[in-house]
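**Q** Structure below; questions to follow.
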Amino acid sequence: MQNFSRISARMAARRNVDEVMVRAAAHARKEENFDMGIFEFTAIAGHILESSCKHPDGVEQPDCLKCKYERELKLEELPEMVFARNSLTIRFSDHGLRGYIQFNCLDALKMVCADRLPDVKVGASTAWQSTRQDRILQISEHQKPFDWTYTTHYKGTLVGLKATPTTDRIDMERLKRRDTISFSTNVILFEDELADHGIAQLSARIRVMQEGYFFVLLRFYMRVDNVLLRVCDTRIVGDLGDRHMIREWQLREAKYENLRHVHPELLLDADRAWMHLPIVEEHVERISIERPDDN
Ligand SMILES: [Zn+2]
């Protein structure tokens, strides 16, 4: 009898904790909207993905995010922090037609290599190998290999929009001007500390200017301490006067041994480090509404 009451007290306590968690999750959700005429912006931020399902095993729960991630991703392991509820969306309308570009964690992780160890374009370094020897060994012995640096070339999910190559470029000088900001926010999508050897992080930020244009930066930043630095940036600029947006995608990386001229502290800050890394690959596209007669 005593046992039974102890168990039911424990169950009640756990139920309370669950209720508190659910309430906290609801309160943690933050949605920001901004309307700029033909462009509308929505940033959503919420709790990180739970480490386990809240429903019993074997029960289909269509709205369970944990199940959705397991179903749709082939990755052996997810990053430590997955912001499954976060997203940044830019809605665009042109003469009655509408489309949007969205930055979300699931689509970004779909582009992480799920069947090979990380690819280091600057060449395999012995430091890289020894730093991660433990991890590489663990993965090759017990797991399916995957890119544990979570490198993703994700540049946003297009719906009702099309991307075509262009020779246009983003006016970087204009972005350096001190124009008045009407709206700005940032959204983190995932983060992993690479077992204390560095960081892999994906986040998106937006700045809308009173002068009638906006700037989005989606940045993947990966640092394996004393070995390698990699930044994969997607920049999008839209102007009220244009019927399109420009998207510039750039992959930059360098080995630490080639960055000896840069102050080590700069390398810890993605916003200052990226410009010291050489461009490995880039392309520029014009994003516009997909019209029914396009095909
Ligand atoms: Zn589930």
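The values are calculated or read from the model by the stated rules, or taken from the named source; none is laboratory data. What you see is a predicted model, and the numbers here were worked out from it, not measured in a lab. All Cβ positions, glycine included, derive from the backbone under ideal geometry; neighbour counts span all protein chains shown.
**Q** Of the residues that make up segment 11-29, is at least one more than 16 Å from the ligand (Cβ to nearest atom), out of contact with any Leu (no Cβ under 9 Å at 6 or more places or on another chain) and either modelled with pLDDT of 90 or more or closer than 26 Å to residue 163 by Cβ (or both)?
**A** No, every residue in segment 11-29 fails to be more than 16 Å from the ligand (Cβ to nearest atom), out of contact with any Leu (no Cβ under 9 Å at 6 or more places or on another chain) and either modelled with pLDDT of 90 or more or closer than 26 Å to residue 163 by Cβ (or both).
**Q** Of all residues in segment 183-206, which are farther than 17 Å from residue 236 by Cα and small (Gly, Ala, Ser)?
**A** 195, 198, 200
**Q** Could you run through segment 180-204 and say how many residues are charged (D, E, K, R) and surrounded by 16 or more Cβ atoms within 10 Å (Cβ to Cβ)?
**A** Residues in segment 180-204 being charged (D, E, K, R) and surrounded by 16 or more Cβ atoms within 10 Å (Cβ to Cβ): 2 in total.
**Q** Right, another one. Among the residues of segment 71-82, are any more than 17 Å from the chain's Cα centre (by Cα), buried (at least 18 other Cβ atoms within 10 Å of the Cβ) and not polar (S, T, N, Q)?
**A** No: segment 71-82 contains no residue that is more than 17 Å from the chain's Cα centre (by Cα), buried (at least 18 other Cβ atoms within 10 Å of the Cβ) and not polar (S, T, N, Q).
To keep it simple, each residue is scored yes or no on (1) in contact with a strand residue (DSSP E or B) (Cβ under 8 Å, 6 or more places away or on another chain); (2) farther than 20 Å from residue 151 by Cβ; (3) at pLDDT 90 or above.
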residue: 238; (1), (2), (3): yes, yes, yes
residue: 252; (1), (2), (3): yes, no, yes
residue: 275; (1), (2), (3): no, no, yes
residue: 288; (1), (2), (3): yes, yes, yes
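**Q** Can you say whether residue 115 is touching a residue at least 40 places away in the same chain (Cβ under 8 Å) and surrounded by 13 or more Cβ atoms within 10 Å (Cβ to Cβ), as far as the supplied structure shows?
**A** no
**Q** Evaluate the following for residue 244: is it more than 30 Å from residue 46 (Cβ to Cβ) and buried (at least 18 other Cβ atoms within 10 Å of the Cβ)?
**A** When the stated conditions are applied, residue 244 passes them.
**Q** Collect the residues in segment 47-62 that are within 22 Å of residue 28 (Cα to Cα), within 9 Å of the ligand (Cβ to nearest atom) and exposed (fewer than 10 other Cβ atoms within 10 Å of the Cβ), keeping them in residue-number order.
**A** Hit for segment 47-62 is 52, nothing else.
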